[in-house]
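One structure below.
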Amino acid sequence: MAGKVFFSVSMSLDGFIAPESPEELMGQQWMELQQWIFPQRFMRENLKLGEGGEEGRDNDIVRETFERTGASVMGKRMFDAGEHAWPEEAPFHTPVFVLTHERRDPWERPGGTTFHFVDDGIEAALDRAREAAGDRDVRIAGGGATILEYVNAGLIDEFSIALSPVLFGSGIRLFEGVDAGRVALEQVRAEPTPRVAHLTYAVRER
């Protein structure tokens, strides 16, 4: 049985998931947005940041998100930003399908991550990701424009937001340009923790 297609992001209280400029990714504002995730034991282990870390509900959610993911899809902007920032053993440990307009051979990394470059559209990338994921889920990793393409195409089953207590003022809004007339949401879960509020929604067609 095929798994779900989902995304999971951190979002500021004013609706932003990233700074506007790629040069500001991994900068102070982005780090404040992600402040809840880096102390988690699972994240520290996955990024080879050392032993220890927090083991509460936030950590469980990070681990559960990782374990459900059998393959990921991401946009070229996210890949370009991460290519130089991720450690040699990239933190996915599954196939990753990168949306691009250029042909490129797969890029295999230590630890089970292989980046495949797809130049024939979002549905082709998703088909390949579904096949690779088997009975696990496919995660649309980002960035914002890629997530929006999948939402507007009716291809997202579920999503989770870690609502972080920070304000951006400007940047990339998660739902900027969403086709609200065709998307209906059903709240599945709301879990506050000391650091963030975890909100999960099922996506329905209107």
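The values are calculated or read from the model by the stated rules, or taken from the named source; none is laboratory data. Please read these numbers as outputs of a predicted model, since none were measured by experiment. Please note: Cβ atoms are built from the backbone with ideal geometry, for glycine as well, and neighbour counts cover all protein chains shown.
Here are some notes:
Matching residues to (1) closer than 25 Å to P22 by Cα; (2) in contact with a Gly (Cβ under 6 Å, 6 or more places away or on another chain); (3) at pLDDT 95 or above; (4) not polar (S, T, N, Q):
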{"position": "G143", "(1), (2), (3), (4)": "yes, yes, no, yes"}
{"position": "N152", "(1), (2), (3), (4)": "yes, no, yes, no"}
{"position": "D157", "(1), (2), (3), (4)": "no, no, yes, yes"}
{"position": "A162", "(1), (2), (3), (4)": "yes, no, yes, yes"}
{"position": "V178", "(1), (2), (3), (4)": "yes, no, yes, yes"}
{"position": "R182", "(1), (2), (3), (4)": "no, no, no, yes"}
{"position": "R189", "(1), (2), (3), (4)": "no, no, yes, yes"}
{"position": "T200", "(1), (2), (3), (4)": "no, no, yes, no"}
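- Screening E83, E64 for residues that are farther than 19 Å from E123 by Cβ and modelled with pLDDT under 95 leaves exactly one candidate, E83.
- Residue in region 91-98 that is over 22 Å from A162 (Cα atoms) and of a type in the set (S, T, Y) present: yes
- Taking the criterion of being buried (at least 19 other Cβ atoms within 10 Å of the Cβ) and of a type in the set (A, V, I, L, M, F, W, C), the residues of region 10-24 that qualify are M11, F16, I17, A18.
- A single member of M26, M43, M31 is under 18 Å from the mean Cα position of the chain (by Cα), in a loop (DSSP other than H, G, I, E, B) and of a type in the set (A, V, I, L, M), and it is M26.
- Test: W36 is out of contact with any Pro (no Cβ under 6 Å at 6 or more places or on another chain) and either without any contact (Cβ under 8 Å) to a residue 24 or more places away in the chain or among the hydroxyl-bearing types (S, T, Y) (or both): no
- Selection over region 52-109 of residues that are touching a residue at least 40 places away in the same chain (Cβ under 8 Å) and among the acidic types (D, E) gives a count of 3.
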